[in-house]
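The values are calculated or read from the model by the stated rules, or taken from the named source; none is laboratory data. Treat the numbers as computed from the prediction; the structure is a model and nothing was measured. All Cβ positions, even for glycine, are placed from backbone atoms using ideal geometry, and neighbour counts span all protein chains on display.
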Amino acid sequence: MNRSSVSTQPAQVAVIGGGPTGFACAIAMAQAGITTSLVARRSPYPDNRTTALLGSSIGFLESIGVWQRCGSQAAALRAMRLVDDTGRLIRSPEIRFSSGEIGMDAFGYNIANRDLLAAMEQGATDIPNLTHIDDEARLVASDDDAIAIETSDGHRVSVALVVGADGRHSLCREAAGIAVKRRPLAQSALTLNVTHSRPHDGVSVEFHTRSGPCVFVPLPGNRSSVVWVVKPDEAERLKSLDDARLADAVERQSHSIYGKMTPEGGRHVFPLSIEEPARLAAKRIALIGEAAHVLPPIGAQGLNMGLRDAADIAKIVRGACDSNEDIGSNAVLQRYERDRKADIVSRTFAVDIANRTLLSDFIPVQSLRAAGLHALNGVGPLRRLAMREGLSPSWRAR
Ligand SMILES: Cc1cc2nc3c(=O)[nH]c(=O)nc-3n(C[C@H](O)[C@H](O)[C@H](O)COP(=O)(O)OP(=O)(O)OC[C@H]3O[C@@H](n4cnc5c(N)ncnc54)[C@H](O)[C@@H]3O)c2cc1C
């Protein structure tokens with residue numbers, strides 16, 4: 001990758017945004033032979049989030065040479081427990097899924113986003129037709145034939161297609177004239193990583209509480225990442241506790257199954273929302289990652305979907321180049337929209353329903369939730385279907 005502030009050769013595609021989806025997409029595009037500019041300010045990853053990479057994500061990261069650089073920093077997820085911790089009258093059975101039930105060694109791997117992004121940055125340095133413009137896009141403007149980008153430092157690039165990987169406040173989405181439906185949730189996620197005295201044995205545990213899930217996801221060693229969804233003021237209160245009090249609170253929430261807890265440095269609070277853009281592409285701009293979908297951290301879906309967006313747009317653009325099509329044309333953008341829509345809409349819906357039924361105090365809703373989980377627990381084919389669909393959509397070519 002050229003590390004310059006100005007493109008050395010005219011790019012065909014500009015990817016805007018250097019989060020995990022932007023980097024993955026820029027690498028995949030460039031490796032597919034597309035001259036690519038990545039417009040992304042170089043800065044350390046700002047928080048301690050981790051990602052449970054599931055289904056096709058590992059294969060995709062392997063195919064672009066990233067997993068080989070960071071796989072050793074990840075922990076395998078071999079089983080998953082769902083525990084009803086609502087204390088309500090009608091409770092769901094505890095569910096335990098094992099990857100062996102569907103013939104897999106592991107459901108996936110959990111890795112710190114910081115480590116994943118560092119591997120992506122290293123991987124991107126060896127690719128000759130990838131130029132990194134270390135800046136922010138200030139202006140994105142399309143016309144019939146091309147799309148122009150101006151950065152904060154005044155550099156200009158003109159390309160046939162922009163991939164908007166610029167997160168939830170996407171400038172690219174605005175430039176494409178795509179409206180977004182936003183639904184803030186009265187929940188925030190506190191994230192922290194902990195060391196514990198007992199091993200996790202590769203089992204991820206979700207405690208379903210009345211305010212949302214509290215999830216412990218294995219990290220290498222006797223460590224786990226914690227995503228604790230609570231009311232916003234409770235998240236702030238937990239964040240402000242000193243280490244000893246936070247350790248007590250986390251141990252209580254985990255019912256001491258991990259033994260004694262020691263919080264590692266860094267705690268972050270993420271206000272949760274569901275965001276659904278009206279479209280995924282328009283005016284020579286295709287949206288990926290959180291520019292294209294925001295959902296609460298339930299079932300580890302967000303970045304896994306974002307990586308599928310990145311893989312798909314790179315594949316579609318490669319195909320369009322091979323058949324001498326204009327890669328920013330409406331036909332190409334519609335192909336992307338068609339390929340990604342069902343996955344995004346169905347997962348957003350499923351996560352929303354799972355969250356709503358958990359929060360509801362309405363007894364018929366609790367009964368339905370419990371009945372559904374009983375069926376999931378007891379009916380073998382349903383269990384296996386749920387496990388496979390949770391990883392990647394079955395209709396998608398892997
Ligand atoms: C608590 C929590 C836990 C989660 N756990 C999981 C999980 O286990 N599994 C999973 O799959 N997903 C998970 N997610 C979701 C996942 O974290 C997100 O989907 C993912 O980080 C989004 O990546 P992104 O690259 O699309 O966006 P971002 O990481 O937001 O990156 C966008 C980048 O674009 C840059 N940018 C913005 N504007 C511009 C501009 N004008 N010019 C240039 N750059 C710009 C920003 O600075 C940023 O670097 C979780 C989310 C939360 C909140």
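See the values below:
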{"quantity": "Residue that is nearest to Ile178 (Cα to Cα) [pool: residues in region 243-278 that are charged (D, E, K, R) and buried (at least 18 other Cβ atoms within 10 Å of the Cβ)]", "calculated": "Glu276"}
{"quantity": "Considering residues of region 108-147 that are of a type in the set (S, T, N, Q) and surrounded by 17 or more Cβ atoms within 10 Å (Cβ to Cβ) only, the residue farthest from Ser72 (Cα to Cα)", "calculated": "Ser142"}
{"quantity": "Tally of residues being more than 29 Å from Asn48 (Cβ to Cβ), surrounded by 18 or more Cβ atoms within 10 Å (Cβ to Cβ) and within 14 Å of the ligand (Cβ to nearest atom) across region 160-189", "calculated": "3"}
{"quantity": "Counted residues, region 257-296 - those being closer than 24 Å to Leu54 by Cα and out of contact with any helix residue (DSSP H, G or I) (no Cβ under 9 Å at 6 or more places or on another chain)", "calculated": "1"}
{"quantity": "Wholly enclosed helices (runs of 4 or more DSSP H) of region 220-325 bearing at least 3 residues within 13 Å of the ligand (Cβ to nearest atom)", "calculated": "302-322"}
{"quantity": "Pick from region 293-313, criterion among the hydrophobic types (A, V, I, L, M, F, W, C) and more than 23 Å from Gln31 (Cα to Cα), ranking: modelled with the highest pLDDT", "calculated": "Val294"}
{"quantity": "Test set (1) buried (at least 18 other Cβ atoms within 10 Å of the Cβ); (2) modelled with pLDDT under 95; (3) farther than 30 Å from Leu280 by Cα; (4) not aromatic (Phe, Trp, Tyr) - Pro213 fails condition number", "calculated": "(3)"}
{"quantity": "Of the criteria (1) assigned to a loop (DSSP other than H, G, I, E, B); (2) hydrophobic (A, V, I, L, M, F, W, C); (3) under 21 Å from Val203 (Cβ atoms), which one Ile111 fails", "calculated": "(1)"}
{"quantity": "Residue in region 126-138 that is away from the ligand (no atom under 12 Å from the Cβ), over 22 Å from Thr21 (Cα atoms) and in contact with a Ser or Thr (Cβ under 6 Å, 6 or more places away or on another chain) present", "calculated": "no"}
{"quantity": "Members of region 48-78 found to be in a helix (DSSP H, G or I) and more than 14 Å from the ligand (Cβ to nearest atom), listed by number", "calculated": "Gly59, Glu62, Ser63, Trp67, Gln68, Arg69, Cys70, Gly71, Ser72, Gln73"}
{"quantity": "Neighbours by Cβ (under 9 Å, 6+ apart or cross-chain): first from region 37-58, free of Cβ contacts under 8 Å to residues at least 40 places away in the same chain; second within 7 Å of the ligand (Cβ to nearest atom)", "calculated": "Ser43/Gly18"}
